[in-house]
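Trainee: Below is one structure. I have some questions about it.
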Amino acid sequence: MRGSMRKTPALLAIGACMSATIAAHAGTENWKQQFQTASDAYLDQVYFRYQPTQGTAAGYHQYDTQLEDFSRKSIDAEVAALNSFEQRIVAIPASALDQTTRGDRAIVLGSIRSRLLTLQTIRPWQKDADNYSSTAANSAFTIMERKFASPDDRLRSLIAREKLMPTLLSEARSNLNNAPRIFTQIAIEQLPGTISFFQHDVPLAFAGAKDPALKAEFAQSNAAVIAALNSYLGWLKTDLLPRSNGDFRIGAETYAKKLEYDEMVDLPLDQLLAIGKADLRKNQEHFNAVAKELEPTKDPRAVLEELGQNHPAPGQLLDAFRATFNSLDAFIRSHHIVTIPSEVRPIVEETPPFMRATTFASMDTPGPYEKHATEAYFNVTLPDPSMTPAQVEGFMHSFNVGTVISTAVHEAYPGHYVQFLWVPQAPSRVRKLLGANTNVEGWAHYTEQMMLDEGYGQPGQGAKDERESKFLRLGQLQDALLRDARFVVGIEMHTGKMSFDDAVEFFQKEGYQSKETAIVETKRGAGDPTYLYYTLGKLEILKLRADLMKKQGAAFSLEEFHNSFLRQGFPPIKIVREALLGDDSPAI
């Protein structure tokens, strides 16, 4: 037949290969679609359904009228839903997915397993009194802090949440059993600020509401919340505290599982501890060397005290942070550190009352799906008015000239705020909403050292002279030592090798921190056991950078490395390594 071609064995083989490739691609796309459907359902039907405040924060305002439910019925239902979705995700073979979706699958499974571990083993709903009062406060704060709708509309949502808060607090009385004393003490310490928050801050935030009936309804719901919180505080003091004899430690097995689920890190704890202690010694030696350069005749501890005394007045602290933005932004752009996708600056303000007991500074960015209120807030904790002058001075040592710069780098440029600006470029919904602290906090902590290593803080580049430049390096190293101490304390305290008081002493002696800072940090570590993720993530990023430099040689670009890192969203560093290096080599 004219125009026909006889099919040779070679052509038949090519055709068969093409058919197999097409079939494999179709299979991959099918499994990818199944995963996307399942992951969307997990986020919508479980993750946000049982954590509606997270939904509001993410920009999903269909959750604004809902509140977390810690009743046993709700907890049991969430556990059942999590188990069901774990089976559904596991049934999708990782080998059938493309690289990005395979990483997303691991992230979702980690999220599910971590939440199950929290609910079934760590059990904060049974141990942590602050979990209830801070949930109430945070659910109100997410409604009031951003103007994503009119004051009346947001007030309507707040009222719906406030009507559920007395029930939330009554659930605490049913659930809390043999609570750790430190958890109950933290709740008692924070509650006066939380009550004041509902008495003053919340009404002030909705002063612009116009509907008289709505305002009257709010007055009733808000008064009921204040009464419930006062009653809760009384109950904590007279009933729960005397019988708070529980253990806050989660133990080695649970600790290892939490690290694996949250961070995809499965090194034995003794090896991790050795890594943390080695970094601690390295930073101590660097601090001592710089201190000797500054004051050859003084002990480094005396130089540390001198550094601590070099701080702004408490009333000038917020302005001191605002003043860092111009020089940081200019240095990043002129030295091609990383692309900054926006000219908009974060808003510096005082930390909300319900967060002040356990944090000195934080970045509060809008959720990735918030379309209307896109402000980002840089929160700074000021000394409590009840502090004595000596306590205020000790507190302000944490905001010395060096740590102010280090904190501004960490929270804003090019730390958390710049990473937030990259979120729209993340490759999937999963990576915009779920992530690893070794990525988020590891990146921010990594930038503290990286910026000084690249030349920021030299005379004329953020420092007025060589002496101030050395103080900036000491501040960066003091913050690094703080994170190293967290690394060691988190493991040793939760595996029974270190008491609470031992941890406070460790922060002071080995972490070069004031007693006031040491107490706050140890309190945090009791409830945030894996807060080693700062140093762990930093070390993982430094290793990734070194491995990529070795692979790329002269073609390596620091700016492109940082951009490529941030473009991935917030996955564990193990997943970022696979994307950037194309292999599964060790992350640490």
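Trainee: Quick one: count up the residues across the stretch 269-327 that are under 26 Å from residue 536 (Cα atoms) and outside any helix (DSSP H, G or I).
Mentor: Adding up the residues that qualify gives 0.
Trainee: Which helices (runs of 4 or more DSSP H) does the stretch 33-119 wholly contain that include 2 or more residues that are under 19 Å from the mean Cα position of the chain (by Cα), touching a residue at least 24 places away in the same chain (Cβ under 8 Å) and outside the structural domain of residue 370 (by TED's automatic domain parsing)?
Mentor: In the stretch 33-119, the matching helices (runs of 4 or more DSSP H) lie at 52-58, 99-117.
Trainee: Testing residue 237 on (1) more than 28 Å from residue 115 (Cα to Cα); (2) exposed (fewer than 13 other Cβ atoms within 10 Å of the Cβ), one condition comes back false. Which one is that?
Mentor: Of everything listed in (1) more than 28 Å from residue 115 (Cα to Cα); (2) exposed (fewer than 13 other Cβ atoms within 10 Å of the Cβ), residue 237 misses just condition (2).
Trainee: Testing residue 249 on (1) in the same structural domain as residue 131 (by TED's automatic domain parsing); (2) assigned to a loop (DSSP other than H, G, I, E, B); (3) closer than 26 Å to residue 75 by Cα; (4) modelled with pLDDT of 95 or more, one condition comes back false. Which one is that?
Mentor: Going through (1) in the same structural domain as residue 131 (by TED's automatic domain parsing); (2) assigned to a loop (DSSP other than H, G, I, E, B); (3) closer than 26 Å to residue 75 by Cα; (4) modelled with pLDDT of 95 or more one by one, residue 249 breaks only (1).
Trainee: Within the stretch 395-436, which residues are within 18 Å of the chain's Cα centre (by Cα), over 30 Å from residue 310 (Cβ atoms) and either at pLDDT below 95 or of a type outside the set (Phe, Trp, Tyr) (or both)?
Mentor: Answer for the stretch 395-436, where residues must be within 18 Å of the chain's Cα centre (by Cα), over 30 Å from residue 310 (Cβ atoms) and either at pLDDT below 95 or of a type outside the set (Phe, Trp, Tyr) (or both): 421, 423, 426, 430, 431, 432, 433, 434, 435, 436.
Trainee: Can I ask one more? Given the options 444, 480, 463, name the one that is touching a Phe, Trp or Tyr at 6+ places or on another chain (Cβ under 9 Å), at pLDDT 95 or above and within 13 Å of residue 402 (Cα to Cα).
Mentor: Only one candidate passes the filter, namely 480.
Trainee: Here are 232, 261: which of them is part of a helix (DSSP H, G or I), of a type in the set (Ser, Thr, Tyr), assigned by TED's automatic domain parsing to the domain that holds residue 435 and touching a residue at least 24 places away in the same chain (Cβ under 8 Å)?
Mentor: Answer to the check: 261.
Trainee: Pick out the one residue from 510, 505 that is outside the structural domain of residue 37 (by TED's automatic domain parsing) and without any contact (Cβ under 8 Å) to a residue 60 or more places away in the chain.
Mentor: Answer to the selection: 505.
Trainee: Sticking with this structure for a sec: Just wondering, is there one or more residues in the stretch 457-476 that are surrounded by 24 or more Cβ atoms within 10 Å (Cβ to Cβ) and either β-branched (Val, Ile, Thr) or not in a helix (DSSP H, G or I) (or both)?
Mentor: Checked the stretch 457-476: at least one residue is surrounded by 24 or more Cβ atoms within 10 Å (Cβ to Cβ) and either β-branched (Val, Ile, Thr) or not in a helix (DSSP H, G or I) (or both).
Trainee: For the stretch 437-456, give me each residue that is under 20 Å from the mean Cα position of the chain (by Cα) and either buried (at least 24 other Cβ atoms within 10 Å of the Cβ) or aromatic (Phe, Trp, Tyr) (or both).
Mentor: Those that are under 20 Å from the mean Cα position of the chain (by Cα) and either buried (at least 24 other Cβ atoms within 10 Å of the Cβ) or aromatic (Phe, Trp, Tyr) (or both): 438, 439, 442, 443, 444, 445, 446, 447, 448.
Trainee: Might you check whether a residue that is touching a strand residue (DSSP E or B) at 6+ places or on another chain (Cβ under 9 Å) and either more than 19 Å from residue 282 (Cβ to Cβ) or surrounded by fewer than 23 Cβ atoms within 10 Å (Cβ to Cβ) (or both) occurs anywhere in the stretch 535-558?
Mentor: No: the stretch 535-558 contains no residue that is touching a strand residue (DSSP E or B) at 6+ places or on another chain (Cβ under 9 Å) and either more than 19 Å from residue 282 (Cβ to Cβ) or surrounded by fewer than 23 Cβ atoms within 10 Å (Cβ to Cβ) (or both).
Trainee: Let me ask something additional. Hey, can you tell me all the residues within the stretch 477-530 that are part of a helix (DSSP H, G or I) and acidic (Asp, Glu)?
Mentor: Those that are part of a helix (DSSP H, G or I) and acidic (Asp, Glu): 479, 484, 492, 501, 502, 505, 516, 521.
Trainee: Could I ask something else about it? Given the residues 228, 216, which is the only one that is farther than 30 Å from residue 122 by Cβ and either out of contact with any strand residue (DSSP E or B) (no Cβ under 9 Å at 6 or more places or on another chain) or not hydrophobic (A, V, I, L, M, F, W, C) (or both)?
Mentor: 216
Trainee: Restricting to the stretch 337-392, and then to whatever is small (Gly, Ala, Ser) and not in a loop (DSSP other than H, G, I, E, B), can you tell me which residue is surrounded by the fewest Cβ atoms within 10 Å (Cβ to Cβ)?
Mentor: 390
Trainee: Does the stretch 281-300 contain at least one residue that is in contact (Cβ under 8 Å) with a residue 60 or more places away in the chain, touching a Ser or Thr at 6+ places or on another chain (Cβ under 9 Å), in the same structural domain as residue 449 (by TED's automatic domain parsing) and not charged (D, E, K, R)?
Mentor: No, because not a single residue in the stretch 281-300 is in contact (Cβ under 8 Å) with a residue 60 or more places away in the chain, touching a Ser or Thr at 6+ places or on another chain (Cβ under 9 Å), in the same structural domain as residue 449 (by TED's automatic domain parsing) and not charged (D, E, K, R).
Trainee: Does any residue in the stretch 353-366 that is within 19 Å of residue 517 (Cα to Cα) and not assigned by TED's automatic domain parsing to the domain that holds residue 382 come within less than 9 Å, Cβ to Cβ, of a residue that is at pLDDT below 90 and of a type outside the set (A, V, I, L, M) six or more places away or on a different chain, and which pairs are these?
Mentor: Final answer for the pair search is none.
Conditions tested, residue by residue: (1) at pLDDT below 95; (2) closer than 29 Å to residue 246 by Cβ.
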| position | (1), (2) |
| --- | --- |
| 131 | no, yes |
| 147 | yes, no |
| 190 | yes, yes |
| 207 | yes, no |
| 222 | no, no |
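Trainee: Pick from 231, 170, 244, 157: which is among the hydroxyl-bearing types (Ser, Thr, Tyr) and surrounded by fewer than 15 Cβ atoms within 10 Å (Cβ to Cβ)?
Mentor: 231
Trainee: Now, a different point. Being closer than 25 Å to residue 507 by Cα and surrounded by fewer than 18 Cβ atoms within 10 Å (Cβ to Cβ) is the filter here; which residues of the stretch 311-325 pass it?
Mentor: 312, 313, 314
Trainee: Being in contact with a Phe, Trp or Tyr (Cβ under 7 Å, 6 or more places away or on another chain), surrounded by 24 or more Cβ atoms within 10 Å (Cβ to Cβ) and closer than 22 Å to residue 411 by Cα, is that true of even one residue in the stretch 494-512?
Mentor: yes
Trainee: What are the pairs with Cβ atoms under 9 angstrom where one residue, in the stretch 134-152, is free of Cβ contacts under 8 Å to residues at least 24 places away in the same chain and the other, located anywhere, is surrounded by fewer than 19 Cβ atoms within 10 Å (Cβ to Cβ)? Sequence gap at least six, or different chains.
Mentor: 150/208; 150/210
The values are calculated or read from the model by the stated rules, or taken from the named source; none is laboratory data. Not measured: the values here are computed from a predicted model. Please note: Cβ atoms are built from the backbone with ideal geometry, for glycine as well, and neighbour counts cover all protein chains shown.
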